[in-house]
Amino acid sequence: MKKLLLPLPILAVSHAALADIQSEYELTAEAGIVYNSELVVEEIDQLNNNGDTARYLSLDVSGDWIVADNLNVQAGYNLSDTDYQDSDDFDLRVHRLFGDIAYDFTVLTVGASHHDINAELAGDNFLDMSRDSFYLSKLFNNSIFVRAEAITIDKTFDSIPERDATNDALGLDAYFFFNQGKSFFSIGYSADEEAASSAEYSYDGDNYRATLSSKFGANDNHRLQLHWRYFDRQYQAQLPDIGQVREDSRNTFRLAWDYYFTPKFALATQLESTESSSNFESADYSANEISLLFKVEL
């Protein structure tokens, strides 16, 4: 599927239509500091109970092309870099390249996307991941948006091949807009099944999520968002380290406030609290994160 999705934007554009393409480009850069009370690399259950402060940088470049009245193509690249003051083993750099194509059939919109992700941990290549999705969406009365999605994720770990895995998921999200489109509430659910090279890392999972977001103030220069996410995972085989089948659940709340000094320059703050419960010690923790970033949007 990976080889099919990447050329889709090219195949969708005929030479005759090139002159009529409408395009829009965006660049977003963020820089600031992040404090974590617990340092966690979830993908490999790496945990450090000593908190640390990190310098955080992010760059996002994207393009949006309206090829025809009903055909939309998007592509972009994101780089994020987290550099801890004392805990070099948790320094993380992530590259993400994506493409998306969607066609509006009026009755509903049909789309497909592909993401390539490369992560470096402590300066070494750590994880390569691809994410392919097929989705259906519909906007009702300009106030309710519903999206159903089927996702396949392939993970390859450089030094831990037993964790290499394929994850298949089905999800449904609904967005309810109000306050003249300045505010929305969303709720979603997805079920996923991960098949890893070693059975003790394979699991079935349930994921729940919700978001409340609102813009307010003079010229809508404030944006406040409250996010919630919960998941539980039932593993398929006994984990030798604990002598039993692993069981995980995680509850996360995040409060984010953005203040725009100008339409293109903002201060972004975030508080996040996570309660992770597991019978595997490295996945059983409570963590709090605070971030203070300056953001430029061009």
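Points worth noting:
- So residue 200, is it surrounded by 15 or more Cβ atoms within 10 Å (Cβ to Cβ) and over 18 Å from the mean Cα position of the chain (by Cα): yes
- When the residues of the range 59-71 are filtered to those that are in a strand (DSSP E or B) and more than 21 Å from the chain's Cα centre (by Cα), the one that is farthest from residue 95 (Cα to Cα) is 68.
- Filtered by the rule that a residue be closer than 30 Å to residue 44 by Cβ, at pLDDT 95 or above and among the aliphatic types (A, V, I, L, M), the range 143-193 gives 150, 151, 153, 165, 169, 170, 172, 191.
- Residue within the range 264-278 that is touching a His at 6+ places or on another chain (Cβ under 7 Å) and either modelled with pLDDT of 95 or more or under 28 Å from residue 188 (Cα atoms) (or both) present: no
- Answer from 256, 283 - the residue that is surrounded by 15 or more Cβ atoms within 10 Å (Cβ to Cβ) and under 21 Å from residue 220 (Cβ atoms): 256
- Note on the range 209-224: residues that are crowded, with 17+ Cβ neighbours inside 10 Å and touching a Phe, Trp or Tyr at 6+ places or on another chain (Cβ under 8 Å) amount to 4.
- Within this structure, residue 206 fails the test of being under 28 Å from residue 36 (Cα atoms), touching a strand residue (DSSP E or B) at 6+ places or on another chain (Cβ under 7 Å) and surrounded by 15 or more Cβ atoms within 10 Å (Cβ to Cβ).
- Residue pairs whose Cβ atoms lie under 6 Å apart, sitting 6 or more positions apart in sequence or on different chains, and linking a residue in the range 90-111 that is touching a residue at least 24 places away in the same chain (Cβ under 8 Å) to a partner that is among the basic types (Lys, Arg), are 108/138.
Residues are listed down the side, and each one gets a yes or a no for (1) β-branched (Val, Ile, Thr); (2) touching a Leu at 6+ places or on another chain (Cβ under 8 Å); (3) over 26 Å from residue 296 (Cα atoms):
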{"residue": "61", "(1), (2), (3)": "yes, yes, no"}
{"residue": "70", "(1), (2), (3)": "no, no, yes"}
{"residue": "82", "(1), (2), (3)": "yes, yes, no"}
{"residue": "90", "(1), (2), (3)": "no, yes, yes"}
{"residue": "94", "(1), (2), (3)": "yes, yes, no"}
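- Residues of the range 84-94 that are touching an Asp or Glu at 6+ places or on another chain (Cβ under 9 Å) and exposed (fewer than 15 other Cβ atoms within 10 Å of the Cβ): 85, 86.
- The set of residues in the range 136-159 that are assigned to a loop (DSSP other than H, G, I, E, B) and either among the small types (Gly, Ala, Ser) or surrounded by 15 or more Cβ atoms within 10 Å (Cβ to Cβ) (or both) comprises 143, 159.
- Residue match in the range 185-198 (condition: out of contact with any Asp or Glu (no Cβ under 6 Å at 6 or more places or on another chain) and either in contact (Cβ under 8 Å) with a residue 60 or more places away in the chain or assigned to a helix (DSSP H, G or I) (or both)): no
- Long-range neighbours under 6 Å by Cβ, at least six apart or interchain, first residue under 24 Å from residue 103 (Cβ atoms) and touching a residue at least 24 places away in the same chain (Cβ under 8 Å) within the range 48-66, second part of a strand (DSSP E or B) and of a type in the set (D, E, K, R): 62/26; 64/24
The values are calculated or read from the model by the stated rules, or taken from the named source; none is laboratory data. In this text, all values refer to a predicted model and were calculated from it rather than measured experimentally. Every residue, glycine as well, gets a Cβ built from its backbone with ideal geometry; the counts of neighbours run over all protein chains shown.
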